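Coordinate-derived values only; no laboratory data. Computed from a prediction, not measured in an experiment: that's the story for all the values here. All Cβ positions, even for glycine, are placed from backbone atoms using ideal geometry, and neighbour counts span all protein chains on display.
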């Protein structure tokens, strides 16, 4: 009934990675999609490092290599998250160093600990446009101990932080006793990496969505990097498979292997070899500086990164289309 | 890695409609899936009428013909809902009668008005296992006026009702001012009708899920009636298309055209002719009694209902597989 | 020029309130008709949403209701009501809401619950549905209603959907002798226009009282007729004649939006 | 009988805690290995869940983490973390949680946040992840940890995940001189067993203090060794020898669950 060939006045959202990242100001609150070592928007993270964005406020829940690498590069002021780590791929050395041996005092890095559930619910509340949401978690833990609240001095002053970490409340409705209210997360930017986006922004993700849908809604702007841009008409044929509508995507960037070295289900597996070398480099500040120089700063852009990676490596990571990962990959070095 | 041919100890959930409905006690709180005149579990509703369940407590949000017909049959004690109606298909006469001209005093029917958003959030809170959730809706309306709260006398006494209708709260986190807390809905039973279920209970719904997923989680038990039972192996091939996991389904009942006379996207369209006659009958108590006798009570079961409907009628409603509805159906009589 | 009815005029003038690129949430009936006209005329990029789930709907046939499979055709994504009403709407991401109702008062408050008293109604209506939420949380709202004195009233029998001026609650009780601007309750948005079968009403900037902005002079409607058919004293001093429906709009309404004459 | 290691014994004894038809939520590492053993041995109907989304996972290869595409294979449905942790877990629908950590204390409280003081840690760990939530809200919990005196401690350096006895909060402050049963805080469930590299610990019905229930006598573990390697005085008076791993279990562990030796 509505004519297919609209005389659209819409501006294209398609940008280069440099353009998309350059709009992010220092101090921005950023939620990275994906989950620890899966489908993280690594090309975008590397471009953030290249552009040297400062004083970033990370709210990924959980964080993975993107958080550890940004902390190690000295670009993070605050992180509100339930986890920063590489799962079985090693220790998040940069994050560890930031805490240990007077690290916090030296760097001024502020960390706020949460849990997977409460981190997810805080993003959900952001997506819902409500300032808080109740949870039955956290009771009896030290996560809510005000003595450990590194953000205490900023609360009530910074508009980017909730006035309190949590609030206790008695259930007025069903006699369920005491529970906690936790504040919404309100990111300036959400950055996600996905297998497929329509030219207007409809997102299709295979398998786990993780927090990407909620993050895209919670954020003021959402930048999506994608393996490929496809036609909206193709995606419309199976709307039940689409994950985020175009209206909540601000910028579209095509970056093949933009999740490397993390895994993108159905596209390519985790690059265990590369990942291990990357994590190894973070063991010490100077080796990490070298790694950053070699793999990020000396390269002008993601294309150059891929060229350096090489065709053989890229093809070796390809996922089995039936399984979504690469069953022939050697996982243990 | 896990062997496909499990030596399962699981009991089958597959039952007859009579068996599934007979477990429901009088006074049960029931959430019917679907949305107004789409994908309502009508065969189950008709069986509830046949079995004469009394004093039901309905929490469908919104309600459609199922609510109006049950109210008209004198089987409903309480309804907490944002809407009871047939959309463009006429007036919900039974519900209207219950309110008008001393109807409430005569029948003792208690109605509690909500909105689509707050009805949905109340079910979401139930699915989340939290006793309440905040909303920015309802402010300034009479929906929250305690003078209109027909359930006021029962609150604090009945364990099936929240102690209060709403609670005002000041946002302690983001200076967003006053908003409302609304109580979770905790149904005893959720009853949904779907196109397809695996033999263990994995549900696949095409198009709109409405509140079915949340309802299935919020309820203590979920009965699913389905056009067809299929194999779990078939459904596993595209997990991204599945809607509710088997673990949250208690009972499975195969009832072809179990949504009739409402529409089931991709299967059959709304039976406008039948629906109109049904609604016409509800204009007066005696004509509705006759309709109930003819179409429900005089028929032993859903099979007999379908036989009475006839093959020609059934085939005439079939949806175009590309469109999901029947474009040739005459909608206006 | 073709002849057209007051109801057709209402649908077309309502459609003109939709701007290109608006995300507009529409309900069953005239709102759907108006949105489809707009998408086929001046607002091709408008994104049509429905509370039951369709998102960016591009239907080939007029949906009977917001959950009709017809409304899911051409939609690139399907929401559930929690996502649509609890996230997208509540976050303030919907530009325009389309509302109907049995009564509207001079402040744009709507009633779709009951006529008479709540507990012993003369007429019990289906209830809010999503109207109250949309009235509270869309950035702008548009009301469509037949122009009759029993519908455009001084005060609605029951306030289902918030307009501009509202009774606040204090200590859980509705303060009936005080009216405040919706902003004082933390509500954004508000009704922008009321499109009736006689014209287009808007609201005074200061007082938020309804006045006649345009009227269907082309259909013989006079300002006197509007006064007679309005249940409160309405200012007609600023009223202009509407720009009549175009041939294109009428064609789209009759042949594309509602060829089955379901709502028109 | 084949030889096997303490770590292999730990994986197999942990797997035995899983009952058929349990809905069990597992994390990266040993929990995944144990769950896969259970599903291939005595608990074929167990439903394996992961916090990142996989629901009823039936992997063909050991997932590297809870978001690894390997974990999505054979799953009939995929949750998002709000659904998994904010709905399914919080509603009390998960039967068994599998937890690890850097320290566990005598009440089954776990630490996965830091060693030393929070603000100036000796070792900063990745943080709770889903552990704290699972410890709070699964119906039963199982802890897997290497048996070392620095890990089984009198009191955890930081309480990430609630066990049995907890300091309550009053007026927003943690009351450090009072310990209460988790039920007093409205928490259900609680840790059922701690499976280590030396044996299986349980908790006294009354005091909720950890004791030795079974030990790996088959591997030469003695009760003295357990006492020496436990950071608090542990009751060994009720300890039985475990039933050793079967050939089947060892075969499954080595050839099906973790043939790549990723965690074992």
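Averaged across orientations, what area in nm² does the convex hull of the alpha carbons in segment C:101-166 project? The directionally averaged projection comes out at 4.3 nm². Size check on the protein assembly as shown: the Cα extents along the three principal axes, sorted descending, read 98, 67, 57 Å. Judged by the ratio a/c of the largest to the smallest principal axis of the C-alpha gyration tensor, chain A counts as oblate, that ratio being 1.5 or greater while a/b is no larger than b/c.
Of all DSSP-defined beta bridges confined to segment C:6-257, some 50% are antiparallel rather than parallel. Direction-averaged projected area, Cα convex hull, segment A:178-281: 9.2 nm², rounded to one decimal. P(r) tail, segment D:110-264: Cα-Cα pairs separated by more than 24 Å, 43% of all pairs.
For chain B, DSSP calls about 35 percent of its internal beta bridges antiparallel. Inter-copy label distances at residue A:150, shortest first and taken from points set 7 Å along Cα to Cβ: 5.6 nm.
For residue C:204, the point set 7 Å out from Cα toward Cβ sits 7.9 nm from its twins in the other copies, listed from shortest up. Between segment D:154-206 and segment A:284-327, what is the separation of their alpha carbon centroids in Å? Rounded to whole Å, the Cα centres lie 44 Å apart.
How high is the relative contact order of segment D:115-264? Use alpha-carbon pairs under 8 Å, at least six apart in sequence, and give a whole percent. RCO, segment D:115-264: 21 percent.
Using a simple spin-label model with pseudo-atoms 7 Å out from Cα toward Cβ, residue C:3 and residue C:150 lie 2.7 nm apart. Between residue A:16 and residue D:177, the modelled labels are 6.7 nm apart [label points 7 Å from Cα along Cα→Cβ]. Using alpha carbons only, how many angstrom separate the centre of segment B:49-91 from the centre of segment D:13-53? Measuring centre to centre over Cα atoms gives 43 Å.
Fewest-first ordering of D:188, D:77, B:114 by other beta carbons within 10 Å of each residue's beta carbon gives D:188, D:77, B:114. Between residue C:248 and residue B:315, the C-beta separation translates, for a Förster distance of 51 Å, into a calculated FRET efficiency of about 0.80.
For the segment B:207-218, counting C-beta atoms of other chains within 10 Å of every residue's C-beta and taking the mean gives 5. Look at the stretch B:247-256: the mean tally of other chain Cβ atoms within 10 Å of its residues' Cβ atoms is 2. Distance from the C-alpha centroid of segment A:131-172 to that of segment D:207-264: 40 Å, rounded to the whole angstrom.
Expressed as a whole percent, how much of the Cα-Cα distance distribution for segment D:6-257 exceeds 29 Å?
28
I'd like the FRET efficiency for residue C:207 and residue A:54, computed as 1/(1 + (r/R0)^6) with the beta carbon distance as r and R0 of 51 Å, rounded to 0.05. Can you show the working numbers first?
Working: r = 50 Å, r/R0 = 0.98.
The formula returns an efficiency of 0.55 here.
Between identical copies, the spacing of residue D:155 label points, each set 7 Å from Cα toward the C-beta atom, reads 6.4 nm from nearest to farthest. Shape analysis of segment C:1-78 based on the Cα gyration tensor places the equivalent ellipsoid semi-axes at 21, 14, 10 Å, largest first. Placing pseudo-labels 7 Å out from each Cα toward the beta carbon at residue D:123 and residue B:153 gives an inter-label distance of 6.6 nm. Beta bridges assigned by DSSP with both partners in the protein assembly as shown are antiparallel in approximately 40 percent of cases.
Over all alpha-carbon pairs in segment D:86-197, figure out the percentage whose distance exceeds 19 Å.
44
If I take every Cα pair under 8 Å that is 6 or more residues apart in chain B, average their sequence separation and divide by the length, what percent do I get for the relative contact order?
19
When chain C is turned onto chain D, the axis of that turn runs closest to one Cβ of chain C, and that residue with its distance in whole Å is C:82, 5. Here is the size of segment A:254-297 from its Cα atoms: Rg then Dmax, 12.0, 36 Å. Here residue C:42 and residue B:280 are evaluated by their C-beta separation; at R0 = 45 Å the FRET efficiency comes out at 0.65. Once you keep just the Cα pairs under 8 angstrom separated by 6 or more residues, what percentage relative contact order results for chain C? Relative CO of chain C lands at 19 percent.
Counting Cβ atoms of other protein chains within 10 Å of each Cβ in C:135-145 and taking the mean gives 2.
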